[in-house]
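The next block holds one structure in the form of structure tokens; read it before the comments.
Here, each number is a calculation from the coordinates, and none is a lab measurement. Note that this is a predicted model, so its numbers are computed, not measured. Quick reminder, even Gly has a Cβ in these numbers, built from the backbone with ideal geometry, and neighbours come from all protein chains shown.
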Amino acid sequence: MTTNRRPRIALFAIVLALSVRGLPQAQATPAVLAEKTVHPAALPAANPVTPRAEKVPLADAERPPGAPADMREAAPRRQFSLVGLTWQGAEPDSIELRTRSVRGSWSSWQTLDQQDGGPDRRQSPKTTEPLWTGPATRVQVRAVRAGRPATDELTLVAIDPGTSTNDTQISQLSAAGSSVSTMPTVVTRAQWGADESLMTWAPEYATTVKAAALHHTADSNDYTCDQSPALVRGIYYYHSVTNGWGDIGYNALVDKCGTIFEGRTGGLHLPAIGAHTGGFNRHVFGISMIGDYDAVSPSTEMLESVSQMIAWKIANSYVDPLGSVTLVSAGGGTSKYAAGTPVTLPTIFAHRDVGRTSCPGNFGYNSLGSVRDRAAQLAGDWRSGPIHQKWQTVGGENAAGPVYAVETNWPEGGRATVFGSGFSTIAWRSDLAAHWVKGDIHATYHRLGGPTAGVYPTTDELATPDTIGRFNHFTHDASIYWTPDTGAHAVHGAIRNAWAASGWETGPAGYPATDELGTPDGLGRYNHFTKNASIYWTPTTGAHLVYGAIRERWSALGWETSWLGYPTSNEYPVPAGRRIDFQGGYIEWNATTGTTTAYRQ
């Protein structure tokens, strides 16, 4: 007797068929909702742009005639738009730099500080902050340590960020949204032309986001908004390669026109760990204002987009924008606090609050109060939301875990939040209320699509009448049943309805032993069940239950590939016993002899 049949259809075909009939595309486990970054629909992915960088040791550079001993002038072989400096040993007391534009004029001298931030518990190279120069051809540098020239110990990194097909269009976008329930419009990595081959660290995740840190990039304010994508590409290269961080450090960046750029990979809806606030990257969302806001104020458009993005991220993580949080320092880098030190902070704080830095500049720092107030205004009464209230009802973090994927809009008018590092979801639709899916049932739910397909739970997890199993019901005539022996399997559509009509798990089929699968000929679908039973469906025959001795005989003949084809009836009584009809004949079971016989029509 064969109770389980090895599927003979490729997995991608199974997933495709499931997507047509209600529970679509497979997800990895632990299950998280696929990212829904809101981007301009009319803006396609850009051509990936690989910035070109040149390193020039300043010990090999010339000293201009009559220049002081601490000055060197470098002429990289190609035009550049962003520069930085690296060194070994102790940091110089001061580093100043100016550049000559492609038009031949020299900029004013600018002071470069040591790079702030960086990954937790990792040693970063010694570098300055990157500086946007605009298109330039030459660089003059002077540096001093303990009153002596230190310029010869520096290496210049000059970066040409290249040109993307989207650069001009991006500058014309309006980034801010109107409601914290929806992510503000964000220019994705693909849209600003990220070369993903530069990303050498796989994404890392915290358990949740507890706070947001405000930064500035500390470079020039003399950029135009159509240069912003190139500026982001330059920072991406500098952070990834020059600093050795494997990716851009910030989770998001905002330019002075209010355009928001996706930063570090891993999903803006997830607690991706950045490299922006050394010692405090875990549990903190890092957003950076592009420019230097030590002597000038951020623009109104920039602050509105910063507030929109922070409000969306932390309010949908169920964090109070006006609250406080205690974070534990991981130490290292430029952190003010030794590893293991608990630090209580506002939930929206500045880099300088935890690091030895002036970031986000004096004017940036002074704008924090207005950012907090605006974020709170945008967040509104987030505690009264049905998903948050359900989370509290079931036990909050102690039961479901902390927010992992933020509360997000999904198809068919619903919303969902993923908790507990991807192992628990509460989903809601106005006509259904909020329901909790967890454990193995949750993994199957998301593997087969979950809310990304507009499939919502209509019950919490319940016990079966025999107390052996557990189940959730879902929209689209779907259910997932679990037992310790079978694991969790989905039954939906016509097959589920046929199983329900037979008595669910208490009937002749028992519990589902497989998810719905496709037949080799691509015409049919089926689930196997624990009591030597299967339900097969095609568009022309409908769904029918085959079990016991008749199923065993059909299996021996070759299932639906035999001359019998698919079942066209459920089992029914005949004078000699029981019978099921098939496309090419029927199988009859004799109650007296216990034998089965297959007949052609």
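The table for this structure:
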read-out	value
Potential extension, LYS531-THR506 segment - 0.36 nm per residue separation minus Cα distance	8.0 nm
Inter-site label distance for GLN79 and ASP373 at 7 Å from Cα along Cβ, in nm	4.5 nm
Shape of region 52-160, Cα gyration tensor, a/c cut at 1.5	oblate
Of VAL574, SER94, ALA416, farthest towards positive along the dipole that unit charges on Lys, Arg, Asp, Glu beta carbons give the chain	VAL574
Added length on full extension, which subtracts the Cα-Cα distance from 0.36 nm per residue, SER562 to ASP152	139.3 nm
C-alpha center-to-center spacing [region 551-601, region 65-80] in angstrom	90 Å
Cys with no candidate disulfide partner in the chain (beta-carbon separation under 4.7 Å rule)	CYS359
Ordering of 558-570, 535-547, 374-386 by packing [mean C-beta count within 10 Å, highest first]	535-547, 558-570, 374-386
Paramagnetic reach from ARG356 in region 78-93 [backbone N under 18 Å; point 7 Å along Cα→Cβ]	87-93
Extension reserve of the THR207-THR467 stretch, reckoned as 0.36 nm per residue once the Cα distance is removed	90.3 nm
Flagged links, alpha-carbon separation over 20 Å, of LYS126/LYS336; LYS390/LYS438; LYS126/LYS313; LYS210/LYS313	LYS126/LYS313
Cα centroid separation, region 226-296 to region 349-412 (Å)	18 Å
For region 125-195 and region 520-535, distance of Cα centres in Å	57 Å
Residue list for region 208-232, given a label point 7 angstrom along the Cα-to-Cβ vector of GLU397 and an amide N cut-off under 17 Å	208-212
Near-label residues of region 203-225 by backbone N, under 19 Å of a point 7 Å along Cα→Cβ of LEU322	211-212
Value of relative contact order over the chain, rounded to a whole percent, pairs C-alpha under 8 Å and six or more apart	13 percent
